[in-house]
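Here you go, one structure.
Please treat every number below as a calculation from the coordinates, not as lab data. What you are looking at is a predicted structure, and each value in this text was computed from that prediction instead of being measured. All Cβ positions, glycine included, derive from the backbone under ideal geometry; neighbour counts span all protein chains shown.
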Amino acid sequence: MARIVVIGGSLGGLLAANVLHRQGHEVCVLEKVRGSMDGRGAGIVTHDALFSALGQAGLQVDETLGVQVRQRVALDAQGRTEVCIDMPQVLTSWSRLYDLLHQLLPPSLYVQGVTVQKIEQQSNAAVVHGLGPQGPQTWSAELVVASDGIRSVVRQQYAPLVQPCYAGYVAWRGVCDEAVLSDRTLQTVFETFGFGLPLGEQLIGYPVAGPGNDVRVGHRAYNFVWYRPAPAPVLARLLTDADGVSHQGGISPNKVDWRQVADMRQAARTLLAPQFAEMIEKTAQPFLQPIYDLSSERVAFGRVALMGDASFVARPHIGMGVTKAAQDAVALADAIEQHGATPQALQAYEERRVPECEAAVARARWLGAYMQSQAQSASAQASSRSAHEVVSETAIDMDRYGHQSSFPGAAAVRLRPKQPGQSLSP
Ligand SMILES: Cc1cc2nc3c(=O)[nH]c(=O)nc-3n(C[C@H](O)[C@H](O)[C@H](O)COP(=O)(O)OP(=O)(O)OC[C@H]3O[C@@H](n4cnc5c(N)ncnc54)[C@H](O)[C@@H]3O)c2cc1C
C-alpha cells in the first residue's frame, strides 16, 4: 500500500483521506488552520453521489445527515407563494459533514498548523515542503493529492495561468435560528427549500441543523444565500472592512462592514418577501462571498493531483461543490486501485474527471446567467427562464431529476430563446 499526502483538511481533503485510508493506504492530511475548523461554511445541498461517496469513506448515513424538505416554494415580494413544487431533498451543513469525516480519520493522520509551500518531484516520490509549528518540514509520498481550495498553492505551482474568474456577483449568506422566527415565516417557508426571485438577483434558503447539529423542531436554523450583482467597484467596497482595510482575497464574517450589512438588510425589506427579510434581519452575522468560476485543463501533474475547489469551482447554483469533491475522491481511489499509486493512475483520474467537472462548471454558469442578463437589461423580458424553471432546476440531483432538456451540455451553454408573452411566473 502507498503513502499518500493530502493537502487541505476541509471536506474535499477529508473525503479523499478517508476513502484512501479505507483502501489501506497510509495517508497524512496537512491542514494550515490550527485549532477548531468549526463555524466555517453553512448549508450544503446533498445529492445521491455524496451519500455514495460517504459510504465509500466508511460512513453509513441516511437522511438523518440533515434536514429533509419535501417542497420547493418561491415567494414574491409580498410574501405570497408564486411557485410550489414537490421535490424532496436532504439539506445538511458544513460542520455536520466535517465532524463526521474528521472523527472517522485517526487523529494521528490529521496534522494541523502546516502551510504547504511547494512540492518537489523525484522519479519515484514527491516531497511536500511545508511550514509547521516547528519550522520548515518535509513529507515524502508516492502521491500527493491537493485539496487546498480555490486559491490552491499547488495549482499555482503547476498551472499558474489557471485563475478564478469573478462572476460579477456576490452571495450574502447567513444562518438564522428557527426559535426567533415569526409564525408566518415558520408556516409559509421554513420547512421548504425557498426561493426569492427579484429581477437580476436570487435568494435561496433551506432549513439546516441548528447549533450542536440539533435537528429537533424548534432547534433548527434556516440557511440563506442571496445572490446580488456587484460590479468591480462595488465588490471592492464590500470587501473593505469598517476600518478601511481591504480583504480582496475574501473577507471573514466578523470583518464585513456593518454599514454594508445595514444596506443589504434595507434592500431585503424592499426587494424580498417579508419572510426572507425577517430571516436576514434576525441573522446575527451575515457574511458574503464573491462568486467565481474556475476550470483547469489538467488536474494531474506526475505524482500530484488537484481535486475539489483547487481544480474546478462551479457556482453554487448547482449545489454540488462538496459532491464534486466527493466524486473526485472516489475517482482517485478507483484509479489508484486499478493502476497503483503511480502517475498513470493520476492520468486516468484526469481523463475521467476533467470532462465531468467542466460540465458541472458550465451548468452552474448557465444557472446563474439568467440573473445577469436580467440585471444587464433591467427587464424580466431578458430572462429566458420562468420562476418555475429556476425553482425546479437549481441545486438538483441530476441523476434523480434530470432536466437535461433545458441544458444542452457543456459544449453548448446557452440560454433558450425567450417565448413571446412569457412571464416570470409558470
Ligand atoms: C455561497 C456558496 C454556497 C455553497 N453551497 C454549497 C452547497 O449547497 N453544496 C455544496 O456541495 N457546495 C456548496 N458550496 C461549495 C463548497 O463550499 C465547496 O465546493 C467545498 O467546500 C470545497 O471543498 P474543498 O475541500 O475542495 O476546498 P476548501 O473547503 O476551500 O478547503 C481547502 C482547505 O485547504 C486548506 N489550505 C489551503 N491552502 C493550504 C496550504 N497551503 N497548506 C495547507 N492547507 C491549506 C484550507 O485551510 C482549507 O481547509 C458553496 C460555496 C459557496 C461560495
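Give me the percent of DSSP beta bridges within the chain that run antiparallel, rounded to the nearest 5. All intermediate terms of the calculation are to be shown ahead of the outcome.
Numbers: 54 of 73 bridges.
Counting only bridges with both partners in the chain, antiparallel ones make up about 75 percent.
Follow-up. Would you order 193, 301 from fewest to most other beta-carbon atoms within 10 Å of each residue's own beta-carbon?
On the way: 193 25, 301 21.
Going from sparsest to densest Cβ surroundings: 301, 193.
If I take the Cα coordinates of segment 37-116 and project them onto the principal axes, what are the three extents in Å, biggest first?
Largest first, segment 37-116 extends 53, 27, 19 Å along its Cα principal axes.
If you average 1/r over every pair of different alpha-carbon atoms in segment 113-259 and take one over that average, what Kirkwood value in Å do you get? It would help to have the intermediate numbers written out before the result.
Numbers: mean 1/r = 0.0516 Å⁻¹.
Kirkwood hydrodynamic radius for segment 113-259: 19.4 Å.
May I pose another question? Over all Cα pairs of segment 109-150, how is the pair count split among 10 Å bins, expressed in % and running from 0 up to the last occupied bin?
Taking all Cα pairs of segment 109-150, the binned fractions are 26, 56, 18 percent.
Could you give the spread of the C-alpha atoms of the chain along their three principal axes, from largest to smallest, in whole angstroms?
Principal extents (Cα only, largest first): 64, 44, 42 Å.
Give the average over all directions of the projected area of the C-alpha convex hull of segment 196-335, one decimal, in nm².
Numbers: hull surface 46.6 nm².
That works out to 11.7 nm².
Let me have the 222 nm mean residue ellipticity of the chain computed from DSSP H runs of 4+ only, each contributing -39500 (n - 2.57), with the sum over all residues rounded to the nearest 500.
Values: 11 runs with 133 residues, N = 426.
It lands at -9500 deg cm²/dmol.
Using modelled amide H (1.01 Å from N, peptide plane; none on Pro or chain starts), what sits under 5 Å from the amide H of residue 256, excluding residues fewer than 5 places away?
Counting only residues 5 or more places away or on other chains, the set is empty.
Expressed as a whole number of Å, what is the distance separating the alpha-carbon centroids of segment 16-71 and segment 322-381?
Answer, in whole Å: 18.
Here is a follow-up. On each of the three principal axes of the Cα atoms of segment 213-278, give max minus min coordinate, whole Å, ordered largest first.
For segment 213-278, the Cα spread along each principal axis is 41, 29, 18 Å.
Continuing with the same structure: Here are some pairs, 118/255; 32/282; 32/118; which of them have Cα atoms lying more than 25 Å apart in this structure?
Working: 118/255 30 Å; 32/282 33 Å; 32/118 13 Å.
Too far apart for the 25 Å limit: 118/255; 32/282.
Further, regarding this structure: In percent, what relative contact order does segment 209-325 have, based on Cα pairs under 8 Å that are 6 or more apart in sequence?
Values: 93 pairs, mean separation 17.2, N = 117.
The normalised contact order for segment 209-325 reaches 15 percent.
Compactness ratio of segment 261-377: Cα Rg over 2.2 N^0.38 Å, N = residue count? Write down the numbers at each step before the final one.
On the way: Rg = 19.3 Å, N = 117, 2.2 N^0.38 = 13.4 Å.
Relative to the rule-of-thumb radius for its length, segment 261-377 sits at 1.44.
In angstroms, what radius of gyration and Dmax does segment 1-150 have, counting Cα atoms only?
Computed over the Cα atoms of segment 1-150, radius of gyration and Dmax are 19.1, 65 Å.
How big is segment 1-79 by the Kirkwood estimate over distinct Cα pairs, in Å? Walk me through the numbers before you get to the answer.
Details: mean 1/r = 0.0655 Å⁻¹.
For segment 1-79, inverting the mean 1/r across all distinct Cα pairs yields 15.3 Å.
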